[in-house]
Amino acid sequence: MWTFFHKLASPPHFYRIAPAFIRIFAVAGLLLFAYGSWNGLFEAPMDYQQKDAFRIIYVHVPTAYLSMMAYSIMAISAAIGLIWRIKLAHAVAAAAAPLGAWFTFLALATGSIWGRPMWGTWWEWGDPRLTSQLLMLFLYFGYIALRSAIDDLAKADKASAVLALVGAVNIPIIHYSVYWWTSLHQGQTVMAGKMPPEMLNPLLINILGFTLIFGALLLHRVRSEVLYRERRARWVLELVAGAKALP
Amino acid sequence: MSETLAMGGYGAYVWSSVGLTVIVVVMCAVLARRRHRSVLNDIRAQISAQVRAQIHAMETKE
């Protein structure tokens, strides 16, 4: 078990085995997404209050969930990189940031499109759920900007890791914001068991599907990141130039 | 069919959400591929620069 993880953290080994996982995750994720969306958009019964507008949930909840998941992955990897100085951990953190930013954007955009017919507004300044989610988008931007501003990779890793960890306090705030303050945003529905199975199942399938697609994208980006970080290493030179091309 | 797609008058909201999500996820995949290719190209450029430097060093020695 430990040798497996130890081997996985070795850059050349990771680089070699990642494509198989990327392919499996991408194909499985797309199939689940297609199946879940079909059922959610066409087969699931209409919500008695929100009518067909509730169907936005099938893209909104998975993207919102993954926007927070990406931040957690980024912050935990950054912490592991800081404490144990594992090369791959900083690569994971750096790779998670742009994906997290895009999924945060999707959660905000689909939420806004959902809010227009349901709340009568695209956006409500001062709403705790909306504001803390927007803050997360800026945390991702800050993280990416900080990384690109520092040329020395080791320093960029350390400084951006600290930023990621400080910003992590925002994650429980986003999650509990609908309980702690009054918000336009509705409370928990998935975990609270408030949905009938024919509505809930497509959502769970989509959450799993999006998670797999996200996993494929993350592995893809980590792979590029590893290659860039190891660009002076012998195994990379041999791989790119072909063995024995270089002394 | 068109009735199903109309989503009881909410079609514009539902389909724009779904469409945007699909577009952004596809774009994420395209960007990830492009990033990988640019890293590979950088390394190739670095290798040819190294090789050139070595050839140059050998030629000046002769």
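Each value in this text was obtained by applying a stated rule to the coordinates, not by laboratory testing. Since this is a predicted model, take the numbers as computed values, not measurements. Neighbour counts are summed over all protein chains in view; Cβ atoms, including those assigned to glycine, are modelled from backbone coordinates with ideal geometry.
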Percent breakdown of C-alpha pair distances by 5 Å bin, ordered from the shortest bin, for segment A:10-108: 2, 12, 13, 17, 19, 13, 9, 6, 4, 3, 1
In whole Hz, the Karplus estimates of ³J(HN,Hα) for segment A:86-99 (6.51, -1.76, 1.60; θ = phi - 60°; x where Gly or Pro) are 8, 4, 5, 4, 5, 5, 5, 4, 5, 6, 6, 4, x, 5
Of the convex hull enclosing the alpha-carbon atoms of chain B, the direction-averaged projected area in nm² is 5.7 nm²
Tell me, what is the percent relative contact order of segment A:63-112, built from C-alpha pairs under 8 Å that lie six or more residues apart? 52 percent
Using alpha carbons only, how many degrees (0 to 90, rounded to 10) separate the axis of helix B:11-61 from the longest principal axis of chain B? 0 degrees
Can you give the angle from 0 to 90° between the axis of helix A:57-84 and the longest principal axis of chain A, with both taken from C-alpha atoms, to the nearest 10? 30 degrees
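What net charge is computed for the residues neighbouring A:Ala159, neighbours being all others with C-beta under 14 Å from the C-beta of A:Ala159, Lys and Arg scored +1, Asp and Glu -1?
0
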Values of log10 I(q)/I(0), in the order q = 0.07, 0.09, 0.10, 0.13 Å⁻¹, for the protein assembly as shown under a Debye, Cα-only, solvent-free model: -0.34, -0.53, -0.64, -0.98
Tell me, in nm to one decimal, what length is gained between A:Arg16 and A:Glu43 on full extension, where the rule is 0.36 nm per residue of separation less the Cα-Cα distance? 5.6 nm
Could you go through segment A:121-131 in sequence order and give the Karplus-derived ³J(HN,Hα) for each residue, using 6.51 cos²θ - 1.76 cosθ + 1.60 with θ = phi - 60°, rounded to whole Hz, and x for Gly and Pro? 8, 6, 8, 10, 5, x, 6, x, 5, 5, 5
Give me the angle, in degrees from 0 to 90, between the Cα long axis of helix A:197-229 and the longest principal axis of the Cα atoms of chain A, rounded to the nearest 10. 20 degrees
Note, ³J(HN,Hα) from phi for segment A:34-44, Karplus 6.51, -1.76, 1.60, rounded to Hz, x at Gly and Pro: 5, 5, x, 5, 4, 5, x, 7, 10, 9, 4
Using only DSSP helix segments of four residues or longer, with each worth -39500 (n - 2.57), what per-residue ellipticity at 222 nm results for chain A after dividing by its residue count and rounding to 500? -26000 deg cm²/dmol
What percent does the relative contact order of chain A come to when contacts are Cα pairs within less than 8 Å and at least six residues apart? 33 percent
Set the Förster distance to 41 Å, then compute FRET efficiency between A:Trp122 and B:Arg34 from the Cβ-Cβ distance, nearest 0.05. 0.85
